[in-house]
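Inspection log for the structure reproduced underneath, given as structure tokens.
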Amino acid sequence: MSDIQSSEPAPPQTIKSDQNSTKALVISSKKIVWLDELDQTAYEVERVETAEDGMEQLSSGNFDIILIDDDVLKKDTATVAREIKRRVPIVPVLVLSSNSDQEYQTDLIEAGVDDILTQEAPSETLLRRFRLLLRQRRQNLALARRNQNLHSITMVSRRLHNADHPASLIVDAINTLCTAFSLYGVAIAINQGDTQKLYAGTAGVNDNRRLYESAIPLHNYDPFLQCIRSGMSQIYRDLNTHPFYTPIPVLPDTHSAIIVPLTYGEQILGALAVFNTHERSFSPDELMLYELLAGHLGSAYYNVRQYYAQDVNYQSARQTLRAWQRLTTVYKPEEVASSLCELVQDTRSVNNALVWLFDTREDAEEIITNTSNDDVADVFKKLYEDGHITRILEQFDNRMQPLSFLIGRGQDPLNAMFRVMGGQQLLLIPVVGSLQLLGGVFVTNTVNMSFSTEDINLMESLTHAAGQTLERNTLITAMEEQTGRLEAILRSIKEGIFFVGGNNRVVFCNPQFTEVTGIPPSQVLSYESDTLLDQLASKANNPDLKAQLQEALKQTIESDEDTHEYPIVETYLEDTNQNIYIEFMAITSHDAKSPSWIGFLRTSKQGSGIQSQTQQLLRNIIEGIGVPYTQLHSSIITLNEHHGNLSYRKREQYMTKLEEEADAASKLWSNFIQIYNVETAGLVLDREAIDPYELIDDLLNSRSLSKYRRRVHVNVQPPRVNVEVDVRYIRIAITNIIEFIAWLSPSNSPINIQVKPQKNSVSISIQDKSAGLSAEDVDTLFDPMQQNQLDSEYSKLGLYLSNRIIEKHNGELDVESRPGWGTVMKLVLPTVGSTPVSVEKPFSVTVQSQQPQPLSVIVVEGRKSILSRLYDRIEQEEHKIIIEHSAREVLSDLGLAHFDLILLDQDANDNNVVGLCRDIRQQSDIPIIVVADHDNEEERVQALRTGADDYVVEPFSEDEFLARMDSIAKRKLIVTRTQPPMQIGDIYIDFARRLVYVNNNLLDLTTKEYELLRTLALHKEQVLTHKQLLEKVWGPEYREETQYLWVNVSRLRKKLEPTKESPRYIQTEPGIGYVFREP
């Protein structure tokens, strides 16, 4: 029975199946029965009756096989088959025919027909041949796809291996894979340890800038991280259902996915993920394809990254060297910013750059910016003014790692920077010095070229070079300033002094050296020391003098450090007609290749023998400062001349060494200034109440002590009480003690600080666990003039200063040390209210009437500015007003100039009117008027008792207040305003204007020098004891500080006397004091 029924033409019908079914096109007007035996779930059959309908179906659908019934087409069967093959050459065509003519069948085969089925054949035979042809069709398709995929892989691999940048390789890979394999999207995750750098995009990523970048730590069960850790490939029918998958914004329709490890040899570099939508799922057969592709991609990425890293390292070395060479020649912050911007802009991957620096110079803008785009600078300044930049800077951690930002959503303030700078990634790289943030660099990337680790490292090197340059310039400026100050002090010392550095060249000589020897500085500075010795021998007309000096110098350098005797050479200089005494002092420096030394020249034998305690102390200070002075002098020259020729490592070592030298010089300089104040110029304490624990905690967070913070353990015993101290000086004292204990103890060993309240005092104990000090070291610890082994390793000037400061606070400083037990230094300070207060009692004189004169008035303004309404009226009376806001400023002013009156606002910022009156009165007898907005009887009484001359309470009229000012000023004419001018020999003193003339030449006197001269002159021919003068000029608490008096008398004599050797006016009464005589 035939399978073909001769019935009426059957209407076209479709057998539906799923998306993976086989589609067959049947051109026949008859029903073909054996086709009905096909599985309708696996086959989808489309029937048409005419050739025209068949051609139309071919153009609208894809078919796996085509069956033609030649009963419909007759002689046109070959023609139709030929046309079908022309349109779909790879689709098999079968002809169902009852014509057995050999020639006819040959024509069909030549037309492209793949098989001819006879209608009389059994159904099983027809179905078997039908299925066989379909199987062959599938095999051909698979082979074609494999060949196509291999070709695509070869093409992709060749293209990827030609990339020159890791970022461009990733962009190329995403674009090429999506195009070649008809993928919805591709993602590549690069393993970076704790985080994974994720790149994702679709086809056309090169054109429409749809590349997505993210660098975030993934969940432990994230499919990307699981693939990287396990090294196993995974297929997901719908990745969105994975509970730990993080959707990628640029791939919102992701469903089917394959994730395979990205490998190079045994190393897993990351993972490759390919995505399709729900319309097309990946088959297991495709897994091998993408594993092969991932191998090629991993190899290409590894090689490109290595080549790129080598190239970047080479370029970075050149760029960094160029940066150091260029930055070596710039000194202004604006020049540093400009150079850094150009250097960063030259970095590959950088699209735009902006450099900004904090400007710490006086009278300068807060920030400096440099960029090639003015719009970028405007946007940055707006963000800075609005506080956004400050909030961004708070994100920096302790390591100051660069910050990376991507384009945000909504009102992200950085979106404005993206708009003007372009790019998809914004990087902020800090410019840092050794201890602080100096500025930063904003950079954006070139399109589709993200910043690699090498790029970031290069830019960090450039910013580091800029930071070092800024710090170098600041350091050089500070050192030059400190050197200038030091030279100014050394120039004021009456002895001739010269320094010889470790290179055996003269680096400094003061004017007194030229005055004593007659040798100009230009003939010895920068010359070897032999030149100076030759000059001295020539001036003495003594050929043997040089040998004598060299022998004395040799003995000094080779002498035992514990001895105090130095060889002294005496000679006579014919040019200056005087005997001089030459003495040498070695400067100890452990790292010096040859010794440094100091030469002293004096003109009297008494000066070369027994010296006063203060003079010996100053000698030791000069010796201590000589080390950092000569080292810094050499270091600054080396830094300026050879900075660009140093290697990176050497430059780092040199900068660290220079910073250490600067710190040492700064500490010695600070100690020197404070010792000079204590021993020579006088020390005025500005006391305030403070919690000792808060003081110590603040100190440990300071720059100088922060390096010891982890070693120090602070224990505070209750109750917590306040001490009344000068915070600035106590900070210096405690800092010196902690630094000594830290130096004494082994590295990283603990340091214990205990704060314990006692009766009327607080003790602060600072203890270490060192080997301990010897009894000799303990006995001489606070005496810098007692030299021992400890002095060769540590300068005791800081401890001497600490002891003197604590003594000035009526406190005590003790040390206890035992070998094997450690060392503890204990300082005791009085608590608030326990410190005795002394008030100076001015001596009485007769008051004479005199017309009021213009006054010089200090106004200590309060928070409510009560006195501001009087300023115009006071100035109309031709009085001069100086406005201050704190007690510290007032006390500082009193030491610098003369004033007639202080107007003190009761609501002053110090919030302690009584204390301020007391402090002013201890230093000066200048009149004080307190002005208050409300009456407080207790405070009024205390203020008047502690030094105020009047206490005025609002409301009051301007006329009444001015009358009070005039009345107080008249009463103040005790000496300076009632005493008529005085002529004594060549000296003329105008007490009313506080002016002193010698031979009609106006003298420049300090406040203390004038007060000392006034006191002596008004008691002419009267012997005043040391204590009387100290009480009247400095105050009762300075009665025992005779060194203040000695120094100021010496200065005054130098300015008044025709010859210092035989004073005419100020004469000494040995063991008693001084007397002012008329010649």
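Can you compute the FRET efficiency between Glu812 and Phe396 using 1/(1 + (r/R0)^6), with r the Cβ-Cβ distance and R0 = 45 Å? Round to the nearest 0.05. Walk me through the numbers on the way to the answer.
On the way: r = 45 Å, r/R0 = 0.99.
That gives a FRET efficiency of 0.50.
By how many nm would the segment from Arg280 to Lys554 lengthen if fully extended, with 0.36 nm per residue of separation less the alpha-carbon distance?
On the way: separation 274, 0.36 × 274 = 98.64 nm, distance 9.61 nm.
Value of the extension gain: 89.0 nm.
What is the distance, in nm, between label points placed 7 Å from the Cα along the Cα-to-Cβ direction at Asp374 and at Leu287?
Each label point lies 7 Å from its Cα, and together they span 6.3 nm.
Take the alpha carbon gyration tensor of region 328-476, find the square roots of its eigenvalues, order them as a ≥ b ≥ c, and report rounded if a/c is under 1.5; if not, report prolate when a/b exceeds b/c, else oblate. Kindly include the intermediate steps, with their values, before the conclusion.
Values: a/c = 1.59, a/b = 1.32, b/c = 1.21.
Prolate is the answer for region 328-476, as a/c is 1.5 or above and a/b outweighs b/c.
Once you put a point 7 Å from the Cα of Thr246 and another 7 Å from the Cα of Asp101, both along the Cβ direction, what distance in nm separates them?
Here the answer is 7.4 nm between the modelled labels.
If I stretch the segment between Ser182 and Asp697 completely, what's the gain in nm (0.36 nm per residue apart, minus their alpha carbon distance), one decimal? Intermediate results must be reported in sequence, preceding the final value.
On the way: separation 515, 0.36 × 515 = 185.40 nm, distance 6.64 nm.
Extra length available between Ser182 and Asp697 comes to 178.8 nm.
Let me make sure I get this right: for region 162-310, a, b and c are the square roots of the gyration tensor eigenvalues over alpha carbons, sorted descending. Under 1.5 in a/c it's rounded, otherwise prolate if a/b > b/c, else oblate. Which is it? Before the final figure, lay out each step's value.
Values: a/c = 1.38, a/b = 1.20, b/c = 1.15.
Taking the square roots of the gyration eigenvalues as a ≥ b ≥ c, region 162-310 is rounded.
Working out 0.36 nm times the residue gap between Ser538 and Arg86, then minus their Cα-Cα distance, what length gain in nm do you get to one decimal? Mind showing how you got there, number by number?
Working: separation 452, 0.36 × 452 = 162.72 nm, distance 11.81 nm.
Roughly 150.9 nm would be gained on extension.
Order the peptides 109-116, 574-581, 685-692, 463-470 from the highest to the lowest mean number of other Cβ atoms within 10 Å of their residues.
Working: 109-116: 16.9, 574-581: 14.0, 685-692: 19.0, 463-470: 24.5.
Sorting 109-116, 574-581, 685-692, 463-470 by mean packing, highest first, produces 463-470, 685-692, 109-116, 574-581.
Within a 10 angstrom radius of the beta carbon, how do His809, His242 rank from fewest other beta carbons to most?
Details: His809 21, His242 15.
The fewest-first ordering by Cβ neighbours comes to His242, His809.
Ranking request for peptides 521-530, 860-869, 734-743: highest mean number of other beta-carbon atoms within 10 Å first, then the rest in descending order.
Values: 521-530: 14.8, 860-869: 16.5, 734-743: 20.7.
Highest-to-lowest ranking by the protection proxy: 734-743, 860-869, 521-530.
Peptides 120-133, 370-383: what's the order by average Cβ count within 10 Å, highest mean first?
Numbers: 120-133: 14.6, 370-383: 16.9.
With the highest mean Cβ count within 10 Å placed first, the list reads 370-383, 120-133.
Quick one: Val431, Val953, fewest Cβ neighbours within 10 Å first, how do they rank? Intermediate values should be presented prior to the final figure.
Numbers: Val431 27, Val953 14.
Exposure proxy ranking, most exposed first: Val953, Val431.
List the pairs from Lys808/Lys1027; Lys880/Lys1032; Lys707/Lys808; Lys30/Lys75 whose alpha-carbon separation is above 20 Å, in the order I gave them.
On the way: Lys808/Lys1027 17 Å; Lys880/Lys1032 27 Å; Lys707/Lys808 29 Å; Lys30/Lys75 18 Å.
Cα-Cα > 20 Å for Lys880/Lys1032; Lys707/Lys808; rest within.
Under the Karplus relation 6.51 cos²θ - 1.76 cosθ + 1.60, θ = phi - 60°, what is the ordered set of whole-Hz ³J(HN,Hα) values for region 709-722, x standing for Gly and Pro?
Couplings: 4, 6, 7, 8, 10, 10, 10, 10, 8, x, x, 7, 10, 9 Hz.
Sort Lys554, Lys23 so that the residue with the fewest other Cβ atoms within 10 Å of its own Cβ comes first and the one with the most comes last. Please report the intermediate quantities before stating the final value.
On the way: Lys554 12, Lys23 18.
The fewest-first ordering by Cβ neighbours comes to Lys554, Lys23.
Under the rule a/c < 1.5 gives rounded, and otherwise a/b versus b/c splits prolate from oblate, where does region 4-145 land using the Cα gyration tensor? Show your work: numbers first, answer last.
Values: a/c = 1.30, a/b = 1.11, b/c = 1.17.
Because its axes are fairly even, with a/c under 1.5, region 4-145 counts as rounded.
Any read-out appearing in this document is the output of simple, stated calculations on the displayed coordinates, not a laboratory observation. This one's a predicted model, so the numbers in the text were calculated from it and none came from an experiment. So basically every Cβ, Gly included, is an ideal-geometry build from the backbone, and we count neighbours across all protein chains shown.
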